[in-house]
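The values are calculated or read from the model by the stated rules, or taken from the named source; none is laboratory data. Predicted model only: the values in this text are computed from it and were never measured. Note that we place each Cβ from the backbone using ideal geometry, even for glycine, and neighbour counts take in every protein chain shown. SASA here: full protein model, heavy atoms, side chains in, ligands and nucleic acids out. Shrake-Rupley method; radii C 1.70, N 1.55, O 1.52, S 1.80 Å.
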Amino acid sequence: MPARGKPTPVPTPETRPYFDAAARGELKIQRCLDCGRPFFYPRPCCPFCASAALEWITASGRATLYSYTINHRPAPGFEQDAPYAIAVVQLEEGPRMMANIVGIDNTPDNLVLDMDLQVTFEQRGDVTIPQFTPAGTEAAR
Amino acid sequence: MSGPTARPANGGDVVIAGAAETDAVGVLPEHSTLRLHVEGARNAVADAGLRMSDIDGIASVSAPGPIQVAHALGIRPRWIDGTGVGGTSFLLHVRHAVAAIRAGHASTILVTHGESGKSRVGAAYGMLPPSSPNAQFEAPYGVLGPPTMFTIPLLRYMKEFGLTPEQLAYVPVAQRKWAARNPRARYREPITVEDVLNSRMISYPLHLLECCLVTDGGGALVITSAERARDLPQPPVHILGTGETFESPLISQMEDFTTSAAFRRSSAEAFAEAGISHGDVDHLMIYDAFAHVPIYGLEDMGFVGRGEAGAFIAEGNTEPGGRLPLNTNGGGLSYTHTGMYGMFLIQESVRQLRGQAAAQVPGVEVSVALGNGGMFMAAGTLVLSNRTA
Ligand SMILES: [Zn+2]
């Protein structure tokens, strides 16, 4: 990996199942067994009722584009991508997460709020991270 | 706009008795971060007509933090507050100082800010631990500082409420009109909506002139009881109401991208404690790291309805001669922005209430300051007045 490559997340015991699932091509999020609500990001207890009784569910991978910015001053490792969108997507299950929008030029005309998206995955060092691409396009894998 | 107000629940028994900034703000490559704290502190204590030995409480943000600042100044405090929640921290320090003085934990508290935001002399480099949620779930997507995160909610707001790029661009135009009257402001030349829209794109949809400055500077406050302040030289600024809260450490987890829950909750609490309504407010300061933040602030504090703030500003209501003077020092967009800008909100509110501002608004009796910490992460609100009720 180049010295100033894109950041690679360092999983913790609580987040390891999320990254392990991503490596298998699955988007997993947590759901509370007490109040039933799904949430993101992975953590040791439910943010709605503080219960520690949690399960991992496999998300459909379908999402919509909630909001984004197009960054013209690239972070280290993103020089070749600029300008690139930093988006927040809304999963079909409800929770939202940050992602890049891949497989499409990141222009305001192309990126329309509420457009349908589909999860895809990107290898980042020895970790795999979820990304999103417009629904109906050929996903990376 | 002052009208009859209910008697404040707290009676305004704690006041800001001293307030001052560093001798200069802007580009100060010969000033370390610590020197900015010390210079602001010495100026504020002198402004209060006190000696450093009168100070028995210290609040500041790391780094360098309250211990280093107090040690450098020779203060031996019996009360310490190092609350660090970003740029609004100083508003929280004021709130905590009110409680400490009422409790008798300190009598005279110094709140300091110093930041070498531009020159980076002795500055802290904020690095989140790689295991933090931010590092795991946002950094991999290419975020780099506030311009890449604070801006993300804005397109959703624009879609929901029809805010136009021209209305957004008018925010720095209006504030530049105030800066033109302030000799200390970094940028004072008038600008137009076209100038803003033609400036370099930083983080779509925000252009360079819709982003705050990056400067060096500092400031400090001296807080004590109204009783003690009676013998001091400056007109006291009574702290009538305060609020503090947070929403989310990750911008992606903000509940609704069209409104800041932190702004709403913090401000509602401060207004309720002060017993004031919006019509009582003569002067307003809202943290303006980016052009959209005052728009959220005006709506979340309840000065206008949802989706109305862009038009409210574009119609001239917040500029010189308008009915709700906003960010009268020129704001972070034109005056100065060291990184943790909140101290400068309070400084300008104090100057306006004392009648000492460069762009003085006539007859200010109630001033409100809304601070932001992080990227819509935390908020603090102060209701300040030159009268007790
Ligand atoms: Zn729960």
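Give me the distance in nm between label points sitting 7 Å out from Cα along the Cα-to-Cβ direction at B:Leu144 and B:Asp13, one decimal.
A separation of 5.3 nm, rounded to one decimal place.
Chain B: D in µm²/s via Stokes-Einstein (Kirkwood Rh, Cα pairs, 25 °C, 0.890 mPa s)? All intermediate terms of the calculation are to be shown ahead of the outcome.
Details: Rh = 20.5 Å.
Answer from the Stokes-Einstein relation: 119 µm²/s.
When Lys and Arg each count +1 and Asp and Glu each count -1, what net charge do the other residues less than 14 Å away from A:Val89, Cβ to Cβ, add up to?
-2
Along the principal axes of its C-alpha atoms, what lengths does the range B:141-275 span, in descending order and rounded to whole Å?
53, 38, 28
Lys/Arg Cβ at +1, Asp/Glu Cβ at -1, dipole of the range B:230-389 taken about the Cα centre: which of B:Gly310, B:Ala359, B:Phe290 is farthest positive-ward?
Value: B:Ala359.
Among A:Pro7, A:Ala52, A:Ala85, whose Cα sits farthest toward the positive end of the charge dipole of chain A (+1 at Cβ of Lys/Arg, -1 at Cβ of Asp/Glu, about the Cα centre)?
Farthest towards the positive pole: A:Ala52.
List the lysines whose Cα lies under 28 Å from the Cα of A:Lys6, skipping any in the same chain that are fewer than 8 positions away.
A:Lys28, B:Lys118
Could you compute how fast the range B:48-103 diffuses translationally, taking Rh as the Kirkwood radius over C-alpha pairs and applying Stokes-Einstein at 37 °C with viscosity 0.692 mPa s? Give it in µm² per second.
In µm²/s, the coefficient is 281.
For chain B, what's the relative contact order in percent, using C-alpha pairs closer than 8 Å and at least 6 residues apart?
Here the relative contact order equals 28 percent.
Placing unit charges on C-beta atoms (Lys and Arg positive, Asp and Glu negative, everything else neutral), compute the dipole magnitude of the protein assembly as shown about its Cα centre in debye, rounded to 20.
1000 debye
Given R₀ = 51 Å, FRET efficiency for B:Thr388-A:Thr137 by Cβ-Cβ distance, to 0.05?
Step by step, r from the Cβ atoms, then E = 0.20.
What translational diffusion coefficient, in µm²/s and rounded to a whole number, does the Stokes-Einstein relation yield for the protein assembly as shown at 20 °C and a viscosity of 1.002 mPa s, taking the hydrodynamic radius as the Kirkwood radius over Cα pairs?
90 µm²/s
Could you please report the charge total around A:Phe48, scoring K, R as +1 and D, E as -1 over all other residues with beta-carbon less than 10 angstrom from its beta-carbon?
Surrounding charge for A:Phe48 is 0.
First measure r as the distance between the Cβ atoms of A:Gln123 and B:Asp256, then evaluate 1/(1 + (r/R0)^6) with R0 = 35 Å and state the FRET efficiency to the nearest 0.05. Numbers along the way, then the final one.
On the way: r = 34 Å, r/R0 = 0.96.
In this case the efficiency is close to 0.55.
Give me the 1.4 Å probe accessible area per residue for the range B:294-370, excluding ligands and nucleic acids, in Å².
Value for the range B:294-370: 23 Å² per residue.
With only Lys, Arg, Asp and Glu charged, each at its Cβ (+1 for the first two, -1 for the last two), find how big the charge dipole of the range A:16-140 is about the Cα centre; round to the nearest 20 debye.
460 debye
Whenever you get a sec, compute what percent of the accessible area on the protein assembly as shown sits on carbon and sulfur atoms (1.4 Å probe).
51 percent
Run the reach check for B:Lys177 against aspartates and glutamates, Cα to Cα strictly under 20 Å, same-chain hits fewer than 8 apart removed. What comes back?
B:Glu166, B:Glu189, B:Glu194, B:Asp195, B:Glu210, B:Asp282, B:Asp288, B:Glu315, B:Glu319, B:Glu348
Please give the residues from the range A:106-123 for which the solvent-accessible area of heavy atoms, probe 1.4 Å, is smaller by at least 50 Å² with all protein chains in place than with the chain isolated.
A:Leu113
With runs of 4+ DSSP H residues as the only contributors, calculate the mean residue ellipticity of chain B at 222 nm using -39,500 (n - 2.57) per run, divided by the residue total and rounded to the nearest 500. Before the final figure, lay out each step's value.
Numbers: 14 runs with 127 residues, N = 389.
Mean residue ellipticity, 222 nm, calculated: -9000 deg cm²/dmol.
Note the full-extension length gain between B:Ala46 and B:Leu128 as 0.36 nm times their separation in residues minus their Cα-Cα distance, in nm to one decimal.
Extra length available between B:Ala46 and B:Leu128 comes to 25.8 nm.
Excluding ligands, DNA and RNA, what is the accessible area buried between chains B and A, summed over both sides, using a 1.4 Å probe, to the nearest 100 Å²?
Summing both chains' loss of accessible area gives about 3000 Å².
For the pair A:Thr64/B:Asp231, report the inter-label distance in nm, with labels modelled 7 Å from Cα in the Cβ direction.
Spacing of the two 7 Å Cα→Cβ label points: 6.6 nm.
Rounded to the nearest 5, what % of DSSP beta bridges with both residues in the range B:261-389 are antiparallel?
60 percent
Cα to Cα, under 12 Å, and not fewer than 8 places away if on the same chain: which aspartates and glutamates meet these conditions relative to B:Lys159?
A:Asp114
Using Cα-only point scatterers and the Debye equation, what is log10 of I(q)/I(0) for the range A:16-140 at each q in 0.17, 0.19, 0.20 Å⁻¹, rounded to two decimals?
-0.90, -1.06, -1.14
For the range B:159-274, give the magnitude of the charge dipole about the Cα centre (Cβ charges: +1 Lys/Arg, -1 Asp/Glu; no others), in debye to the nearest 20. Could the numbers behind the result be given before it?
Details: 12 positive and 15 negative charges, 103 e Å.
Roughly 500 debye for the range B:159-274.
If each DSSP helix of 4+ residues adds -39,500 (n - 2.57) and the sum is divided by the residues in chain A, what number results at 222 nm, nearest 500 deg cm²/dmol?
That comes out to -1500 deg cm²/dmol.
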